[in-house]
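Heads up, the thing below is written out as structure tokens.
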Amino acid sequence: MKLLIVNNTSPFVVDIVNIVKDLGIQFECMLYSEVQYEKLSSYNSIVLSGRKIYNKETNMQNNKIIDYCNSHNISLLGICYGAEMINLYFGGSLIKMKNAIHGLVKVTSEKNNILLPKDASIYVYQSHMYSIWRLSSELELLGSSLESKNEIFKHKKKNIFGVQFHPERSGKDGKFILSNFLTQLN
């Protein structure tokens, strides 16, 4: 298995890298602007990180990566901004929140899935000012919180997942989610 971690300028990318190293998974990490689309087929899985600063180029590059994964059946996990971009790509919408969320939030799984068993509750770290408002009809809801209805989702037919939170900053619960994504799909 080979993983690509796309760094969308999130300060938490180093935490994703450390978890992946701990899991012993072969990976590359590169800035969104360095991704070469003709080489994406050499990866089994791709993780889209969060982002720190809004940038149209980041959005365009992430859209191309999502499109490639969708067209070529490559497993994809979007984290925070990455999840928002996946939802937008498939026709969903976002809303700017009145107040940004920073801190731990309880998320409960709605149904059995590879990330979490049904009815599991975990505490995860949130840091965002946009939220998924309407989930695309091509995606199914897997987990919710009181703060955000669409915390975890999956494409109905493909191994494309999104989490509104930051598993890389969520301790053992977050490592459990990343481990499940990286080991159960490859």
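Observations, loosely collected:
- Residues of the range 53-69 satisfying the condition of being within 24 Å of Phe165 (Cβ to Cβ), loosely packed, with under 15 Cβ neighbours inside 10 Å and not hydroxyl-bearing (Ser, Thr, Tyr): Ile53, Asn55, Asn63
- Options Leu142, Leu116; residue that is surrounded by 22 or more Cβ atoms within 10 Å (Cβ to Cβ) and assigned to a strand (DSSP E or B): Leu142
- Selection status of Glu38, under 14 Å from Val163 (Cα atoms), outside any strand (DSSP E or B) and over 15 Å from the mean Cα position of the chain (by Cα): no
- Residue in the range 120-139 that is surrounded by fewer than 16 Cβ atoms within 10 Å (Cβ to Cβ), among the basic types (Lys, Arg) and either touching a residue at least 60 places away in the same chain (Cβ under 8 Å) or within 26 Å of Asp15 (Cα to Cα) (or both) present: no
- Answer from Ser93, Ser49 - the residue that is among the hydroxyl-bearing types (Ser, Thr, Tyr) and more than 17 Å from Ser131 (Cβ to Cβ): Ser49
- Residues in the range 86-98 that are within 14 Å of His155 (Cβ to Cβ) and either out of contact with any strand residue (DSSP E or B) (no Cβ under 6 Å at 6 or more places or on another chain) or surrounded by fewer than 23 Cβ atoms within 10 Å (Cβ to Cβ) (or both): Leu88, Tyr89, Phe90, Gly91, Gly92.
- Checked against the criterion of being of a type outside the set (Lys, Arg), assigned to a strand (DSSP E or B), out of contact with any Asp or Glu (no Cβ under 7 Å at 6 or more places or on another chain) and modelled with pLDDT of 95 or more, the range 80-100 has no qualifying residue.
- When the range 1-35 is filtered for residues that are farther than 19 Å from Gln61 by Cα, in a strand (DSSP E or B) and in contact with a helix residue (DSSP H, G or I) (Cβ under 8 Å, 6 or more places away or on another chain), the ones remaining, listed by number, are Lys2, Phe27.
- Enumeration of residues in the range 21-54 that are modelled with pLDDT under 95 and under 18 Å from Cys80 (Cβ atoms): Gly50, Arg51, Lys52, Ile53, Tyr54
- If you go through the range 153-186 and pick out every residue that is more than 22 Å from Thr9 (Cα to Cα) and in a strand (DSSP E or B), you end up with 3.
- Residue match in the range 81-89 (condition: touching a Phe, Trp or Tyr at 6+ places or on another chain (Cβ under 6 Å) and among the β-branched types (Val, Ile, Thr)): no
The values are calculated or read from the model by the stated rules, or taken from the named source; none is laboratory data. Model, not experiment: these values are computed from the prediction. All Cβ positions, even for glycine, are placed from backbone atoms using ideal geometry, and neighbour counts span all protein chains on display.
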